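*Asks:* Let me begin by handing over the structure; questions about it come next.
The values are calculated or read from the model by the stated rules, or taken from the named source; none is laboratory data. Keep in mind that this is a model prediction, so the values were computed, not measured. As a convention, Cβ positions derive from the backbone with ideal geometry for all residues, glycine included, and neighbour counts pool all protein chains shown.
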Protein chains: 2
Amino acid sequence: MNRNWKENYCVATYRLHDEKADFEKKAQGIAVGLTVGSWTDLPQAQKAEMEKHLGQVVSVEVHDQPGKERYADIRIAYPDLNFSRDIPALLVTAFGKLSMDGRIKLLDLEVSDRFREGFNGPKFGLDGVRKLLGIPDRPLLMSIFKSVIGHNLPELREQFYQQALGGVDLIKDDEILFENPLTPLEKRVRACMEAAAEAEQKTGQKLLYAVNLTGPTSQLKQQAAKAIEAGANALLFNVLAYGFDVLHELAQDPDISVPIAAHPAVAGALYPSPHYGIAAPLLLGKLMRLAGADLVLFPSPYGSVVMPKEENMAIKEALLQPDEHLKRCFPVPSAGIHPGLVPWILRDFGTEVIVNAGGGVHGHPGGAAAGGRAFRQAIDAVLRGEDLTQAAASQPELAEAIRLWGAKQ
Amino acid sequence: MNRNWKENYCVATYRLHDEKADFEKKAQGIAVGLTVGSWTDLPQAQKAEMEKHLGQVVSVEVHDQPGKERYADIRIAYPDLNFSRDIPALLVTAFGKLSMDGRIKLLDLEVSDRFREGFNGPKFGLDGVRKLLGIPDRPLLMSIFKSVIGHNLPELREQFYQQALGGVDLIKDDEILFENPLTPLEKRVRACMEAAAEAEQKTGQKLLYAVNLTGPTSQLKQQAAKAIEAGANALLFNVLAYGFDVLHELAQDPDISVPIAAHPAVAGALYPSPHYGIAAPLLLGKLMRLAGADLVLFPSPYGSVVMPKEENMAIKEALLQPDEHLKRCFPVPSAGIHPGLVPWILRDFGTEVIVNAGGGVHGHPGGAAAGGRAFRQAIDAVLRGEDLTQAAASQPELAEAIRLWGAKQ
Ligand SMILES: [Mg+2]
Ligand SMILES: [Mg+2]
């Protein structure tokens, strides 16, 4: 069949591991079973009526090499007529019951044009975030609070101020900081945005503070409104703990007038197995963009929490590739990043990336402000085509960072 | 340390696979890293202040046998002071970043008394569902629509009527039936509840119709209200496509005056890997009950979608074990069930179970009504201590089912 799937079919790609399955038959079973239920027994007249609801096998690619696990990549096209235009409906259709049916992993979802019409994607996107910060082209720098739990407002404010002094472009809450009596949302936002203004006097630089949006689902919009009212200019959100549709509804709400950074918390329960789950480029790439994240954090291939390089590049691709309808998202490879890794990050991601560090900022021997400066120096050096050791000769903060953590070229 | 964890710590149990890790050190790293961030460097005065926020290693049990994968079961107690009383906060704390840190699976969460105070659990629970149906003790029978997509209201109504005639106690929508022009929610509920009333004239039996609650998250309550207004007396909900907190908010809403059946769609992306994800008894057992599901569907160990028997029994335990504060949930082992399996289901689950079938009802040679009767006959036979072949001698529907699908003893 030579259909134009893109118009009104959503195409799912699965990897099935099985030592002996008839994958062609299995594919047919999925296409029928997850749509019209039965097909071959239907009277001809009913077939004509039902065909528009019938799933279609797009391709079956069997990999069967001696000494390796046997598997097949199967692509099924689901008529979008069968489900509503929301991510829960798409997931339940394409990977609801099927997720429990043997060793099967969902690798990709290509949504139809009609399905996509239900989505605006990122409200700001990469370019919108750059515009807010007034930085048209260089890689951005984000830093994360060090310790937050059990700390009071003045301590958090001071941490924020030190980070801001170092010239970071964004500061994000720790994702495990919830509403709490020591540093409640509105007071925290006010204290930190005050510190931001104070630092701006010295650095001449704007920054975005992504405050963690938490609590009961039905109150998230109200919490976001409170944070924005208090001065927050970005939000951090643990998307997978709430569901993609919650992000989608937040992102499309016109009252939420600030970018949303998607945190990958809990994602490791879904993507790393070769046999089960949902592939990282879909989970942390395509679906995050569709649902409307402006920035997406994910484990980098460089640091402490490691994701294979090709998965990282596929996430990047999903966030950045041109799309007529959806703005690009800023990729934020995270975890274990220090200034010495900047050449690798920029080699792999180019300039459309946010360099994100916690320990690599706070652990600097000269403190967090020096830590931020070391990163900015590393970024500028790479942009000038200098190597880091060379650049470090005239930049003491970078030199100290490299002494402590080393440097990649 | 001999604390009473139950009072104000939530205890997570993880299984970590690693060929050479120092698991004791890893456990300490988790306990500190996911709570106060750093500990050994803190000045003594600050330690006194911070200790109540510090995670604690409860136990580390290393399994290291030649020829087998090396792993450890690690239990960490998290002070509930650190997070808000909602499931997203608990998951992000205990398995947010950590989920991405190597081969690690979340096996269990024991919530503190204080955390649990934020939850009422099931509104009806097993006993409430029995009361609604007026059936105090026998195993219940649920059936599922056969084909639904592309069918119109009269067709669905007729399917419903035939199922109801067979004496089933509950009928559930297919989880892939979303809001659609052929059988929109309110019209579907009205047509089916009419069919239920008509069948009741003949069977003298009440039944619950669990209608699929779908659409944008923020509109679910309103959709539920519409369904209830139209006569729905139960709801079906794809919990994992939306998030546990959404179920929690639905379940605790006093306006949602009907039981909620949790469907496990998408769960297979999370539980089956031995190395990653969230264990089935936690995902489909404990968390569903905490969040307020009255019935929980999960893949049975008997049929087409297979889950290991011990996991099934652990889900059952999580749903049924006595709890001072949370009502019991009805376990609904599902997929591939036919009347011949009833002796096994009742052997494993006892009488507190819902026998649930789709193909095993509709595929009966005598049609769906005969299919339902065959199941009821099988259940009654097992309760009388008769074997099925013996019972089938005087019960033609059961006899036909056994001829087609066989019977276990
Ligand atoms: Mg963090
Ligand atoms: Mg189904």
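*Asks:* Here are some conditions: (1) in contact with a helix residue (DSSP H, G or I) (Cβ under 8 Å, 6 or more places away or on another chain); (2) among the small types (Gly, Ala, Ser); (3) more than 20 Å from residue A:94 (Cα to Cα). Residue B:265 meets all but one. Which one does it not meet?
*Replies:* So the condition that residue B:265 fails would be (3).
*Asks:* Out of the residues in the stretch A:147-163 meeting the condition of being in contact (Cβ under 8 Å) with a residue 60 or more places away in the chain and away from chain B (no Cβ under 13 Å), tell me which one is nearest to residue A:379 (Cα to Cα).
*Replies:* Residue satisfying both the conditions and the ranking: A:163.
*Asks:* Could you list, in sequence order, the residues of the stretch A:234-292 that are at the interface with chain B (Cβ under 7 Å from one of its Cβ atoms), in contact with a Lys or Arg (Cβ under 9 Å, 6 or more places away or on another chain) and assigned to a helix (DSSP H, G or I)?
*Replies:* Listed by number, the residues that qualify are A:249, A:268, A:269.
*Asks:* Might you let me know whether the stretch B:124-135 holds any residue that is more than 21 Å from the chain's Cα centre (by Cα) and of a type outside the set (S, T, N, Q)?
*Replies:* Yes, because at least one residue in the stretch B:124-135 is more than 21 Å from the chain's Cα centre (by Cα) and of a type outside the set (S, T, N, Q).
*Asks:* For the subset of the stretch B:150-167 comprising residues that are of a type outside the set (Asp, Glu), over 26 Å from the mean Cα position of the chain (by Cα) and under 15 Å from residue A:38 (Cβ atoms), which member is surrounded by the most Cβ atoms within 10 Å (Cβ to Cβ)?
*Replies:* B:151
*Asks:* Can I ask one more? Applying the selection to the stretch B:199-233, what residues are in a helix (DSSP H, G or I), free of Cβ contacts under 8 Å to residues at least 24 places away in the same chain and more than 10 Å from every other protein chain (Cβ to nearest Cβ)?
*Replies:* Correct list: B:201, B:222.
*Asks:* Among the residues of the stretch B:166-179, which ones are within 14 Å of chain A (Cβ to nearest Cβ) and within 16 Å of ligand 2 (Cβ to nearest atom)? Spell out the reasoning first.
*Replies:* As a first pass, look at the stretch B:166-179 and keep what is within 14 Å of chain A (Cβ to nearest Cβ): B:172-179.
Result: B:172, B:173, B:174, B:175, B:176, B:177, B:178.
*Asks:* Looking at residue B:374, is it in contact with a helix residue (DSSP H, G or I) (Cβ under 8 Å, 6 or more places away or on another chain) and within 16 Å of ligand 2 (Cβ to nearest atom)?
*Replies:* When the stated conditions are applied, residue B:374 does not pass them.
*Asks:* Looking at residue A:120, is it within 17 Å of the chain's Cα centre (by Cα) and more than 7 Å from chain B (Cβ to nearest Cβ)?
*Replies:* yes
*Asks:* With the condition kept exactly as written, say whether any residue in the stretch B:22-29 is among the polar types (S, T, N, Q), buried (at least 18 other Cβ atoms within 10 Å of the Cβ), under 32 Å from the mean Cα position of the chain (by Cα) and away from chain A (no Cβ under 13 Å).
*Replies:* No, the conditions are met nowhere in the stretch B:22-29.
*Asks:* Identify, by number, the condition in (1) more than 22 Å from residue B:91 (Cβ to Cβ); (2) surrounded by fewer than 24 Cβ atoms within 10 Å (Cβ to Cβ) that residue B:326 doesn't meet.
*Replies:* Every condition holds for residue B:326 apart from (1).
*Asks:* Would you mention how many residues in the stretch B:227-256 are closer than 17 Å to residue A:247 by Cα and among the aromatic types (Phe, Trp, Tyr)?
*Replies:* So the count comes out to 2.
*Asks:* Read through the list (1) within 8 Å of another protein chain (Cβ to nearest Cβ); (2) assigned to a loop (DSSP other than H, G, I, E, B), then give the number of the only condition that residue A:182 fails.
*Replies:* The number of the failed condition is (1).
*Asks:* Would you pick out the residues in the stretch A:317-354 that are within 14 Å of the chain's Cα centre (by Cα) and not in a loop (DSSP other than H, G, I, E, B)?
*Replies:* Answer for the stretch A:317-354, where residues must be within 14 Å of the chain's Cα centre (by Cα) and not in a loop (DSSP other than H, G, I, E, B): A:317, A:318, A:319, A:320, A:330, A:331, A:332, A:333, A:334, A:354.
*Asks:* For residue B:336, which of the numbered conditions (1) crowded, with 20+ Cβ neighbours inside 10 Å; (2) modelled with pLDDT under 95; (3) not hydrophobic (A, V, I, L, M, F, W, C) fails to hold?
*Replies:* (1)
Residue-by-condition table, conditions (1) away from ligand 1 (no atom under 16 Å from the Cβ); (2) buried (at least 22 other Cβ atoms within 10 Å of the Cβ):
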position: A:170; (1), (2): no, yes
position: A:173; (1), (2): no, yes
position: A:176; (1), (2): no, yes
position: A:189; (1), (2): yes, yes
position: A:195; (1), (2): yes, yes
position: A:199; (1), (2): yes, yes
position: A:207; (1), (2): yes, yes
position: A:221; (1), (2): yes, no
position: A:224; (1), (2): yes, yes
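*Asks:* With (1) under 21 Å from the mean Cα position of the chain (by Cα); (2) within 16 Å of ligand 1 (Cβ to nearest atom); (3) in contact (Cβ under 8 Å) with a residue 60 or more places away in the chain; (4) closer than 22 Å to residue A:389 by Cβ as the list, and residue A:358 as the residue in question, which single condition is left unmet?
*Replies:* (4)
*Asks:* Here's another thing I want to ask about it. For residue B:84, work out the one condition from (1) within 8 Å of chain A (Cβ to nearest Cβ); (2) in a helix (DSSP H, G or I); (3) away from ligand 1 (no atom under 16 Å from the Cβ) it doesn't fulfil.
*Replies:* (2)
*Asks:* Please go through the stretch B:135-168 and pick out each residue that is more than 17 Å from residue B:336 (Cα to Cα) and among the charged types (D, E, K, R).
*Replies:* If the condition is that a residue be more than 17 Å from residue B:336 (Cα to Cα) and among the charged types (D, E, K, R), then B:137, B:138, B:155, B:157, B:158 are the ones that fit.
*Asks:* Quick check on this structure: which one of A:151, A:53 is within 16 Å of ligand 1 (Cβ to nearest atom) and in contact with a Leu (Cβ under 8 Å, 6 or more places away or on another chain)?
*Replies:* Exactly one residue qualifies, and that residue is A:151.
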